[in-house]
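Below you'll find the structure, written out as structure tokens, and then a few comments.
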Amino acid sequence: MTTTSHASYTEERSLVTRKELIFSTIFVIAGGFVGILTSPELFLVILPLSVSVLLFKEWKLFRGMRELQRTGVLRFEPRFKTNRKEANRSLVVVLLLIATPMVLSFFLPPLPWLAITMAIVMSWPASNLLEGMTQLTIEKRTGKKLRKFYTWTSFRDDVVMKDYGWSLK
């Protein structure tokens with residue numbers, strides 16, 4: 001007998017967990033030492049790269065910030081076509097972060113190449129640190145806790161995402 005009950009639950013968490021912050025800090029510090037020892041001016045590429053990655057990861061939050069402050073909830077329903085585009089964009093960004101240092105190795109001497117490679121590789125963990133600072137800034141400005149949420153629904157034998165977004169509590 002097949003049941004069609006629609007049990008659902010909501011998963012909430014902060015934008016960045018403590019564990020992510022600790023590991024990101026360790027990676028950025030370790031990579032920073034290598035980058036600064038090899039070529040400090042080239043390692044500074046990490047700043048615009050990490051800001052770009054942050055904007056890429058949280059563009060929906062930044063775009064809907066006014067609605068989030070006004071209503072307290074910013075909600076999105078997953079759509080196949082939209083999610084497919086976003087997944088393809090994410091794949092391109094991750095592949096660029098991996099492939100760019102390989103391509104640069106043909107054009108740069110070893111030490112500048114190592115500094116730029118460390119900046120590129122460290123841009124994702126550095127964006128996690130910026131994400132934590134963004135969360136603290138939003139919480140300080142609004143006086144409420146910012147939470148990322150996912151609502152999951154059980155449908156037949158599958159668990160599917162009903163909606164996702166951010167909320168201020």
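FYI, it's all coordinate maths here, none of it is from the lab. The model shown is predicted, which means the values in this text are computed figures rather than measured ones. Methodologically, a virtual Cβ is constructed for each residue, glycine included, from the backbone with ideal geometry; neighbour enumeration extends over all protein chains shown.
Against the longest alpha carbon principal axis of the chain, how many degrees, from 0 to 90 and to the nearest 10, is the axis of helix 80-104 turned?
Helix 80-104 sits at roughly 10 degrees to that axis.
For the chain, what is the charge dipole size about the Cα centre, in debye to the nearest 20, if Lys and Arg each add +1 at the Cβ and Asp and Glu each add -1 at the Cβ? Display every interim value, and only then the final one.
Numbers: 23 positive and 13 negative charges, 145 e Å.
I would put it at about 700 debye.
Any idea how far apart Phe23 and Leu136 come out in nm if each label point goes 7 Å out from Cα toward Cβ?
2.1 nm
Between Asn88 and Leu37, how high is the FRET efficiency from 1/(1 + (r/R0)^6) when r is the Cβ-Cβ distance and R₀ = 41 Å? Nearest 0.05.
Values: r = 37 Å, r/R0 = 0.90.
FRET efficiency, Asn88 to Leu37: 0.65.
Dividing the Cα radius of gyration by the Kirkwood radius, what Rg/Rh value follows for segment 8-166?
On the way: Rg = 18.4 Å, Rh = 17.6 Å.
Rg/Rh: 1.05.
Could you tally the net charge around Thr153, taking each other residue with its Cβ under 13 Å from the Cβ of Thr153, Lys/Arg +1 and Asp/Glu -1? Display every interim value, and only then the final one.
Numbers: positive: Arg156, Lys162; negative: Glu11, Glu77, Asp157, Asp158, Asp163.
Within the 13 Å Cβ shell, the charges total -3.
Before anything else, pin down the relative contact order of segment 8-166: Cα pairs under 8 Å, at least 6 apart, normalised by residue count, whole percent.
46 percent.
Against the longest alpha carbon principal axis of the chain, how many degrees, from 0 to 90 and to the nearest 10, is the axis of helix 18-38 turned?
For helix 18-38, the angle is close to 20 degrees.
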